[in-house]
Amino acid sequence: MEIPASKEAPTPLKTLKKSKLDIVTPHRLSIAILIRNFHQFRESDYYKNEGDETLLCKYLRDFCVLLVKLMQSPDLELAELWNLLISPSYTVPESLKTSFKQDVREVKENGIGSLLDIIDSLNRVMAVNDTDPISSSNKHIVSKTSVVGYYLRRLILNFEKLTFSEVTEIHRAFQNYCSDLSAFSMYPDESKQFRIENWVGVMNLWTRKQAELFIATQAALLENNEEKALRPRELQNIISNILETNPDLAEAHFLSYMNYLRVKEFCGAVDSLYHCFDLNNIADLKNAADDKPKICRFAALNLAVLHYHFNHHEEAVASLREAIKIAQDANDTLCLQHALSWLYRVIVTNEDKLDEYSVLRSFGLTLNYRTSLGIQNFVQRSSLVEAKPSLIIETLARSDLANYQHNHKELISSSYAVKSSLWEFYGKPEMSSLWSQLLLYLNIDNPKPNKAYYGESFCISVCNVAMHLLAEGKYILVFNILEFAKKRFPNEPNSHTWMLCEGILHFIKSLYHEDWDEAEVAAQKIMIVNKYEAYLRLAELYLYKQDFVEANNCVDKVFKSFENDDKFRFKGYQFIRAKLLLAEIQFASSVPHSVPSGIMDILSNCLIDTKKYQLDYYTSMIYLHTAHIQLHLRMTGQALCVLEKCMVQIMAHGGCYDRARALLLYVKCIVADSAKLQEEDRSEVIKKGADMLNEVKDLFKRAEAYSRMKDVLYLQAKLYNKIGMRQERNRCAMNYRELDSEYVTKNMTTLIKHL
């Protein structure tokens, strides 16, 4: 398979129209005047006699910073340039501002002669030869090999190539550029404020160096800190302007390809990718030693990555096979290794062996980045095949060592995120939250923003912290964190992470408030991001609505989806949760008349999976459901024994809602088990249980589960009444009445049927 031709066939480099990148523009002449005048300022008596060395250093530093940014940016209007000179951000000498205004006026009013004098004087600013010693009387001459010297020499060379008529046109353009001399005001004009960091020019004339710097900057921002990058529409407009001036710049097409991926625009992404490699192929054909240029195999590899990004499995496999075929013909081991690293992503069978071989080959070829990334992928896959957690963490530590040695910021952040996910997987949410916070601190504590990494792993960590706070019932903090994530990660695919968290937040709040309609709307929004999570949330909603048929249908959809998915032997969190929900549905639909006979088989099978893969928290939740069933079977002693196995785990790592449910079940069990005690001993146990319900009530209140709070108050009042504590009973009854007047309960069976 050859790479499809782009819609516009590339033109050979010889026939490309003359590039405008070397045009002499009024803006570049103004910068040259500014450089010459600063050189004259440093040769002046004022500079030599100034005794304040700190002020002189500040003049030099600020002017150099301003000059570098002006040379890197596209052309500006005269008013914008003047606003930069008089802005408080830069300390520019007053004499330099005055001389700059005078020279600009002279060139505008005195004709071409003044312009030629300016160009001639630029030669005297630079040293004749960098090897010649610079005399003490003229020590401020600009070196020809410096950034400023290179800029001036290029300007002079391009000016000398012009014909007289072209020089006349340049002078006429300069007169138009300086037509409004009122731009030289004493105070900055807010309407003409310009930030060079925005990279937006009026004339849209980009030199090749300016364009390459802009492309490299925006590409790095898209990869490391998307919030600081330009918006997709604005960036695309500037890329179009760059291509008008530099039509043979393939890197601009690749930046356009990355920009289209941000908004999931397939046609534009494919077109930009084809243009990029078509232009690269022209240069590669000239220097290729074989019949198949190197660019072709990497073009096929990039096309496979593009199709994988859009979930086009068959197209990705076809492009990947083409890349492997061409790389094998050319004996390109580097391209083969990159293709192998993508092969295990798109091939379902033997992916563990492919991943292992990819890591070994990358290590042999000293591809440090590829090796470390392969280890992280291998670790994630190993956690799904009954590997020991200690070995997994130890293997990940080896990847960390290589990351720090080679300063792979992306992989360092990714390693923190993987550790956070592993701790969550093994049932330790507190440790998961800790690793996520360490990743956030890793970036926040960095004094240089350009060395921080704000990619996918950063977004995952922010959402992990939000989910941990959500479990603690701190909804306002969760909302603020998600607002931060929305601002930082507005585009796909990272936006899917906070969209899922936002949907879960609205669903949980609505479910606890018994606002069924809002909860269903939130679940449907989750469906866009994660259909498994949406079906489980809908099943939970229908369970509380006592619509057991619809709840069963939603759980069945999850089971059928996982039956067709044979990518991993372990089915994941959703499969375990679906089994737990199925047990709850069967229990709630049968109690109080009977307990389904097969419910313990469901929980036992689920327990085997959780113990096999060491999912401690889900193991504890299964024990909790088992104890709840045993309580209804009046096996109170066995229920208490089962609770002893899970209470520590749930109280240490569970959210406030789960902790409240566990404590409530524990109180039910000890009160029910006290029936075999003497009356005095039983009264003491009941009083202890009633007092423990105060903590349960506070936990439900924190989660804003007000209907469950009323259940606790009802049970508490009954217990106090049982032991004759009428004052406490009346207080609970009064609190119940106040809550009932404000929050109407729709499901009256939660105290009996639900955990």
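Just from its helices, what would the mean residue ellipticity at 222 nm be for the chain, if runs of 4 or more DSSP H residues each count -39500 (n - 2.57) and the sum is divided by every residue, rounded to the nearest 500 deg cm²/dmol?
Taking each H run of at least 4 residues, the total per residue is -23500 deg cm²/dmol.
By how many nm would the segment from Asn311 to Glu492 lengthen if fully extended, with 0.36 nm per residue of separation less the alpha-carbon distance? Mind showing how you got there, number by number?
Working: separation 181, 0.36 × 181 = 65.16 nm, distance 1.37 nm.
Full-extension gain reported as 63.8 nm.
Given the pairs Lys409/Lys487; Lys718/Lys746; Lys58/Lys161, which are separated by over 30 angstrom at their Cα positions?
Violating the 30 Å limit, Cα to Cα: Lys58/Lys161.
Where does each of 484-496, 590-602 land if you order them by average Cβ count within 10 Å, highest first?
So the order, starting with the most tightly packed, is 484-496, 590-602.
Please give, to one decimal in nm, the separation of the simple spin-label points placed at Asn694 and Lys228, each 7 Å out from Cα toward the Cβ.
That separation, rounded to one decimal, is 5.3 nm.
Using 7 Å Cα-to-Cβ label points, what is the Tyr573/Ala675 separation (nm, one decimal)?
3.9
Order the peptides 625-635, 503-513 from the highest to the lowest mean number of other Cβ atoms within 10 Å of their residues.
Per-residue Cβ counts within 10 Å, averaged per peptide and sorted highest first, yield 503-513, 625-635.
Report the charge-dipole magnitude of the chain in Debye, nearest 20, computed about the Cα centre from +1 at each Lys and Arg Cβ and -1 at each Asp and Glu Cβ.
1200
Assuming R0 = 56 Å, what is the FRET efficiency of Val68 and Leu391, from their Cβ-Cβ distance, to the nearest 0.05?
Taking R0 as 56 Å, the efficiency between Val68 and Leu391 is 0.65.
Hey, can you find the accessible area per residue of the chain for me, probe 1.4 Å, expressed in square angstrom?
On the way: 37650 Å² over 755 residues.
With all protein chains present, the chain gives 50 Å² per residue.
Hey, if you put +1 on the Cβ of every Lys and Arg and -1 on every Asp and Glu Cβ in the chain, which of Val712, Asn407, Ser372 ends up farthest toward the positive end of that dipole?
So the residue furthest toward the plus end is Val712.
Taking amide H atoms as placed 1.01 Å from N in the peptide plane, list the residues 5 or more away in sequence, or in a different chain, whose amide H sits under 5 Å from that of Met126.
Val142
Mean Kyte-Doolittle of at least -0.5 and a Cα length of 27 Å or more along the axis: which whole DSSP H helices of the chain meet both? Please list the in-between numbers first.
Working: long enough: 53-72 (29 Å, 0.80); 266-287 (32 Å, 0.17); 679-702 (35 Å, -1.12).
Long hydrophobic helices here: 53-72, 266-287.
Using the Kirkwood radius over Cα pairs, work out the Stokes-Einstein diffusion coefficient for region 406-514 at 4 °C and 1.567 mPa s, in µm²/s as a whole number.
Diffusion coefficient, whole number: 90 µm²/s.
Provide Rg and Dmax in Å for region 702-752, with only Cα atoms included in the calculation.
Just the Cα atoms of region 702-752 yield Rg and Dmax of 11.1, 31 Å.
Compute the longest continuous run of the chain that contains no exposed GluC sites (Glu not before Pro); treat a site as exposed when its DSSP state is not H, G, I, E or B and it has at most 14 other Cβ atoms within 10 Å.
Within the chain, the longest run free of exposed GluC sites (Glu not before Pro) spans 387-755.
Only sites in a loop by DSSP and with at most 14 other Cβ atoms within 10 Å count here; which trypsin sites (Lys or Arg not before Pro) in region 206-264 make the cut?
Numbers: sites: Arg208, Lys209, Lys228, Arg233, Arg262, Lys264; in loops: Lys264.
Taking region 206-264 and a limit of 14 other Cβ atoms within 10 Å, the loop trypsin sites (Lys or Arg not before Pro) found are Lys264.
Dividing the convex hull volume of the Cα atoms of region 588-635 by its residue count, what figure in Å³ per residue is obtained?
69
Taking R0 as 22 Å, what's the FRET efficiency between Ser121 and Glu166 from their Cβ-Cβ distance, rounded to 0.05?
0.60
When a/c is below 1.5 the answer is rounded, else prolate if a/b is larger than b/c, else oblate, so apply that to region 24-175 with a ≥ b ≥ c taken from the square roots of the Cα gyration tensor eigenvalues.
On the way: a/c = 1.74, a/b = 1.28, b/c = 1.36.
Oblate.
Between region 454-517 and region 204-277, what's the alpha-carbon centroid distance in Å?
Value for the Cα centre distance between the two parts: 31 Å.
Once the mean 1/r over all distinct Cα pairs of region 597-755 is inverted, what Kirkwood radius in angstroms do you read off? Walk me through the numbers on the way to the answer.
On the way: mean 1/r = 0.0605 Å⁻¹.
Across region 597-755, the inverse of the average 1/r is 16.5 Å.
If region 676-737 were replaced by its equivalent ellipsoid, with semi-axes equal to the square roots of 5 times the Cα gyration tensor eigenvalues, what would those be, largest first, whole Å?
22, 13, 8
Starting from the Cα gyration tensor of region 538-643, take the square roots of the eigenvalues, sort them a ≥ b ≥ c, and report rounded, prolate or oblate (rounded when a/c is under 1.5, otherwise prolate if a/b is larger than b/c, else oblate).
oblate
Within the chain, what whole-number % of the accessible surface is contributed by carbon and sulfur, with the 1.4 Å probe and all protein chains included in the calculation? Walk me through the numbers before you get to the answer.
On the way: 19920 of 37650 Å².
The C+S portion of the solvent-accessible surface of the chain is 53 percent.
Please give, to one decimal in nm, the separation of the simple spin-label points placed at Glu644 and Lys531, each 7 Å out from Cα toward the Cβ.
4.7
Under 5 Å between amide hydrogens, which residues at least 5 positions from Tyr454 or on another chain qualify, with H placed 1.01 Å from N in the peptide plane?
Answer set, sorted by chain and number: Asn225.
So what's region 484-617 giving for Cα Rg divided by 2.2 N^0.38 Å, two decimals?
Working it through for region 484-617, the quotient is 1.15.
Quote to one decimal, in nm, the extra length available between Ser597 and Ala318 on full extension: 0.36 nm per residue of separation minus the C-alpha distance between them.
Between Ser597 and Ala318, full extension yields an extra 95.3 nm.
Rounded if a/c is under 1.5, else prolate if a/b beats b/c, else oblate: with a ≥ b ≥ c from the C-alpha gyration tensor eigenvalues square-rooted, which is region 636-694?
Cα axes put region 636-694 in the oblate bin.
So what's the projected area for the chain, the Cα convex hull averaged over all directions, in nm²? Please report the intermediate quantities before stating the final value.
On the way: hull surface 177.2 nm².
Over all viewing directions, the chain projects a mean Cα-hull area of 44.3 nm².
The values are calculated or read from the model by the stated rules, or taken from the named source; none is laboratory data. Keep in mind that what you see is a predicted model, and the values were worked out from it rather than measured. When we count neighbours, we look across all protein chains shown, and the Cβ atoms used for this are built from the backbone with ideal geometry, even at glycine. Surface areas here come from the heavy atoms of the whole protein model, side chains and all, with no ligands, DNA or RNA. Shrake-Rupley method; radii C 1.70, N 1.55, O 1.52, S 1.80 Å.
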